[in-house]
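Encoded as structure tokens, the structure appears first; notes follow it.
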Amino acid sequence: MRATLAAALLAALAACGGEPSPAALPPLPKLQTLVVQAPAGDRGRSWDGVVEAVRQADLSAQTAGRVTVVNADVNDRVASGTVLLRLTAVEQQAGANTARAQLRAAEAAAAEAESNYRRFAALAGGQYVSKSQLDQARAARDSAVAGRDAARAQLAQAGQQADYTVVRAPFDGIVSARRVEPGESVNPGQPLMSVYAPGALRIEVQVPQSEADAIRGAGRAQVVFADGRAVAAAAVVVFPAADPLTHSVGVRVALPDIGDAPVPGATAKVVFPIATGAAAPTNSIPASALVQRGEVSGVYVLRDGRLSLRQLRLGDRRGDRVEVLAGLVRGETIAADPVAAVQALAAQRKAAGGNRE
């Protein structure tokens, strides 16, 4: 409604007569103004990043089966080892039972082969059996022992497959995603749940390799969240190598322990205290001072006692403020309320018309 009223008043002004000269214009009525300034915490080069948990795990199925029960949902806090969900274990238990039976048979065969070898070894001392027969008994014993060891390994593998039907929390954390429902069939590799530890958070950004040395030398950064809060980074780690495809260098920024911490996936701006070079620092104005006409944004600028509407190119919005990439110079004075600015213009023009009469 504010933008619509401002546009209507401007249309009314445009319908008025000739434009009075600057000297003939009376002073503007009292108008609330503000001075354009830099965004809080923006002192250097900045890049956008995404908050992520230092400890996070995407749990996937390691065996095939059907989901029988799901014990946790999104936003649930779980302790390490808590059963998150279970899969059917019929095939896995059958495989374990088969491997267990094969192990018993292999152990019996190994025991028999060991007894035969000992008898042949005793008879070989009196030369009642040939050396070839003794060698055959020894080979049969060794083969039976190897078969027993293989059966034990198969039983361990089958038991592990049965253990895969129970999915547990890898650490104390919060469930951030649930991707299956009871009764759903899953295959190995299919995502099941995601868990993260809410304590330690970090942000990774990609910066041009030309800026990596300056960021490494600074060794510090400031993180500005979407709600306007700014905190100093706990640590800054610059990766030693650049990406050969993008020619960018990764920078890992650790966040300190703060109250009401952002959730993983939230966006934030990381500001490094390095020279801005050719990139001009951005200005910041309240969003309430903007005039929006379709896709065009503008603001009323006060200069030499006159108001003029100027088009702007805007950047990111942080809380109740918005960045101005082009159209304003730091230190300029603008109208805080665009509707009041149009009303002041109308009053000025009306007073100028009355003076001419």
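Laboratory data are not the source of any read-out in this text; all were calculated from the coordinates shown. No experiment lies behind these values; they were computed from the predicted model shown. No Cβ is skipped: glycine too gets one built from the backbone with ideal geometry, and neighbour counts run over all protein chains shown.
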(message) Based on Cα coordinates alone, diagonalise the gyration tensor for the stretch 90-163, multiply each eigenvalue by 5, take square roots, and list the semi-axes in whole Å, largest first.
(response) 35, 9, 6
(request) For Gln157 and Asp320, compute 0.36 nm times the residue count separating them, minus their Cα-Cα distance, and round to one decimal in nm. (result) 52.8 nm
(message) Which residue, Ala122, Ala101, Ala150, has the largest displacement toward the positive end of the dipole of the stretch 90-163 when charges sit on each Cβ (Lys, Arg +1; Asp, Glu -1)?
(response) Ala122
(message) Using a Förster radius of 25 Å, what is the FRET efficiency between Ala218 and Val329 based on their Cβ-Cβ separation? Nearest 0.05, please.
(response) 0.35
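What Kirkwood Rh does the stretch 174-331 have if only Cα atoms enter the pairwise 1/r average? Answer in Å.
Computed over the stretch 174-331, the radius equals 19.4 Å.
Multiplying the sequence separation of Ser308 and Asp58 by 0.36 nm and subtracting their Cα-Cα distance, what value in nm do you get? Mind showing how you got there, number by number?
Working: separation 250, 0.36 × 250 = 90.00 nm, distance 5.54 nm.
Computed gain between Ser308 and Asp58 is 84.5 nm.
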(request) Calculate the length of the line joining the C-alpha centroid of the stretch 77-133 to that of the stretch 218-256, in whole Å. (result) 56 Å
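Set the Förster radius R0 to 41 Å, insert the Cβ-Cβ distance between Ala105 and Ser185 as r into 1/(1 + (r/R0)^6), and round the FRET efficiency to 0.05. Don't skip to the answer; put the middle values down first.
Working: r = 34 Å, r/R0 = 0.82.
Computed FRET efficiency for Ala105 and Ser185 comes out at 0.75.
Tell me the net charge near Gly250. Cut-off is 13 Å between Cβ atoms, Gly250 excluded, with +1 for each Lys or Arg and -1 for each Asp or Glu. Walk me through the intermediate numbers first.
On the way: positive: Arg202, Arg216, Arg252; negative: Glu52, Glu204, Glu211, Asp243.
Result for the neighbourhood of Gly250: -1.
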(request) Grab the Cα-Cα distance for Ser130 and Leu34, subtract it from 0.36 nm times how many residues apart they are, and report the gain in nm with one decimal. (result) 23.6 nm
(message) Over the Cα atoms of the stretch 122-249, what radius of gyration and what Dmax do you get, in Å?
(response) 30.6, 95
